[in-house]
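Written below as structure tokens is the structure these notes are about.
The values are calculated or read from the model by the stated rules, or taken from the named source; none is laboratory data. In this text the structure is predicted, and so the values were computed from the model without any measurement. No Cβ is skipped: glycine too gets one built from the backbone with ideal geometry, and neighbour counts run over all protein chains shown. Ligands, DNA and RNA are stripped out before the accessible areas are found, and what is left, the full protein with its side chains, is counted by its heavy atoms. Shrake-Rupley method; radii C 1.70, N 1.55, O 1.52, S 1.80 Å.
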Amino acid sequence: MKVRKTERRTFLFTDLMLQSLHADGPTYFWDAKVPAFGLYVGRRRKTFVVIQNGGRRRKIGRYPLMTLADARKRALMILYAAEPQSEMESIKVAPAVELFMRTHHRASKPSHQREQQRLLAKYFIPVHGDAQLARITTQHILRLTDGLAGKPSEQLHLHRALRTFFNWAAERSYVTASPLAKLSPPSKQNERDRVLNDAELLAVWSLARTYPFPFGPVVQLLILTGQRLGEIAKLRRSYIASDLITWPREATKNNTEHSIPVTPAVAKVLASLADQTSERLFPSFSPSIAMREFRKQLKIAHWTLHDLRRTFSTNQARIETPPDVTEAILNHKTGSRSPIQRVYDRYDRIEPMRRALVAYETFLTQLSPSTT
């Protein structure tokens, strides 16, 4: 639809009409459904506006980056700010979270989606699910996060989930501003730097060698290969060839296919699983419960299974393995190799990786003659 600049008409705005609306020059058009809500059509862009008290025009957002429905809702929030209970003013929390998960996290990894959904569904929705999103204040947020002061990690994760959610809401003009905009994170997540010393590593290995399936073999493979717990736990027989283990991209944390050589000690652990008939090598693995029982039999303070991966990397440096080979074993995307190098040298590092893993087995043997 093309309108002359001298024409100042009111229309019932629809998406189809806004898409086709053009003018000879910069012109304002007004919505018949919401008085004082309009669209400024310039030479290169279309901008939603609203006339506030005193006749001041206020920009709301650009079309089509902002949808008509969102712009009309935003205009009502501005025009009827004195009546915050209006049903038209704001989307409620529960449907907003649902929309957030469906749009913002549509391309997120399933594990990240589940974690964000868990945090919001456990702490936010039960308390504020029926509230209007625009009515949530900084004090509401603080009550939620302060209630988790005894769980600093969970507290920080909730803060981050809420911050991302309200930033998304602000971008869509569901709220004027994020109630977390001026809030600092409630706690700092310390990067773990725990590396087991030789005596601790030997104690863990010795217990793992005699510990029942599935936890014992899992810990042995973590020590020998430095792989991530989730990737060892997901091992399938179809991933294992005679001299190579290959995880498909969907089974790795960084969504990249990953291969490591099967060394003698690793082959020995895998051979001990021959009686297991499942396609998955560790179908009933439950790390949290098993780890508690495993810890009770060791006198090692404050350690986790992920520390075995850090210990592996540190010890590879001790035996002078080149950093790029260690990164290849660990399937790190960051580090000494550029992205293009990681694409082209994925397979030609198998032999250097094999030598590094065999050298590590020798290193472990030197800790104790019975290690391997």
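Dipole magnitude for region 86-205: computed about the Cα centre from +1 point charges on Lys and Arg Cβ and -1 point charges on Asp and Glu Cβ, it is near 180 debye.
Exceedance of the 27 Å cut-off in Cα-Cα distance is limited, within the set Lys92/Lys253; Lys92/Lys182; Lys92/Lys122, to Lys92/Lys253. You can think of it this way: the chain between Phe363 and Lys59 has 102.7 nm of extra reach, that is 0.36 nm per residue less the Cα-Cα gap.
Normalised by 2.2 N^0.38 Å, with N the number of residues, the alpha-carbon radius of gyration of the chain equals 1.40.
In Å², and per residue, what accessible area does region 71-186 have when probed at 1.4 Å with the other protein chains present?
Working: 6110 Å² over 116 residues.
With the other protein chains kept in place, region 71-186 gives 53 Å² per residue.
Between the Cα long axis of helix 152-171 and the first principal axis of the chain there is an angle of about 30°, rounded to the nearest 10.
Which length gain, in nm to one decimal place, applies between Ala251 and Ile300 when the Cα-Cα distance is subtracted from 0.36 nm times their residue separation?
Going from the current span to full extension adds 14.5 nm.
Between the amide H of Ile60 and those of Phe48, Val49, Val50, distances stay under 5 Å, these residues lying 5 or more places away or on another chain, with hydrogens modeled in the peptide plane.
Using a Förster radius of 41 Å, what is the FRET efficiency between Arg355 and Met291 based on their Cβ-Cβ separation? Nearest 0.05, please.
Efficiency, rounded to the nearest 0.05: 0.80.
Evaluating 6.51 cos²θ - 1.76 cosθ + 1.60 at θ = phi - 60° for every residue in region 27-36, the Karplus couplings come out as 9, 9, 10, 10, 7, 6, 7, 10, x, 6 Hz, glycine and proline recorded as x.
Mind checking the angle between helix 306-318 and the chain's longest principal axis? C-alpha axes, 0 to 90 degrees, to the nearest 10. Compared with the principal axis, the helix lies near 60 degrees. In the chain, the longest principal axis of the Cα atoms and the axis of helix 68-79 are about 70 degrees apart.
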